[in-house]
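The values are calculated or read from the model by the stated rules, or taken from the named source; none is laboratory data. If you're wondering where the values come from, they're calculated on a predicted model, not measured in any experiment. As a convention, Cβ positions derive from the backbone with ideal geometry for all residues, glycine included, and neighbour counts pool all protein chains shown. Ligands, DNA and RNA are stripped out before the accessible areas are found, and what is left, the full protein with its side chains, is counted by its heavy atoms. Shrake-Rupley method; radii C 1.70, N 1.55, O 1.52, S 1.80 Å.
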Amino acid sequence: MKNNLSNIKERILYLSENVEVSKQEFFRKINVTYGNFTGDKKKRPINSDALENILRTYPQTSPEWLLTGKGEMLRTEGSAGPPSA
């Protein structure tokens, strides 16, 4: 996938459009408001708690993609994931 999503917030918005819940539900689950992703606020940094919430709630998300934009959005089968509970 060609990736032109230059910052973390753009990647989070892209992820929110590609999960099987509404954007409203996505942002509620990660405990941030959609307003943080619009206008000038889109250029402000996101806190680490929100990033942790995304990776906990959507463990199929590649941390490398989320943080750097490199690789694929979703982990592939056999890629390192969180330890089993």
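Quick notes on this structure:
- Net length gained if the chain between residue 21 and residue 41 were fully extended (0.36 nm per residue, minus Cα distance): 4.9 nm
- Protection-proxy order for peptides 34-46, 10-22, each taking the mean of Cβ atoms within 10 Å per residue, highest first: 10-22, 34-46
- Rounded tilt (10° steps) of 48-57 against the dominant C-alpha axis of the chain: 50 degrees
- Carbon + sulfur, % of accessible area of the chain - ligands and nucleic acids excluded, 1.4 Å: 48 percent
- Rounded to two decimals, the Cα radius of gyration of the chain over 2.2 N^0.38 Å is 1.06.
- Rounded to 10°, Cα long-axis angle of helix 8-17 versus longest principal axis of the chain: 80 degrees
- Where the range 1-48 is the region considered: accessible area per residue in Å², 1.4 Å probe: 69 Å²
- Within the chain, helix-based [θ] at 222 nm, where runs of 4 or more DSSP H residues each add -39,500 (n - 2.57), nearest 500: -10500 deg cm²/dmol
- For the range 1-56, relative contact order (Cα pairs under 8 Å, six or more residues apart, normalised by length) works out to 33 percent.
- Under 5 Å between amide hydrogens, built in the peptide plane, is the criterion, and for residue 61 it picks out 75 among residues at least 5 positions away or on other chains.
- Under the shape rule built on the C-alpha gyration tensor, where the axes satisfy a ≥ b ≥ c, the range 1-42 is oblate, since a/c reaches at least 1.5 while a/b does not exceed b/c.
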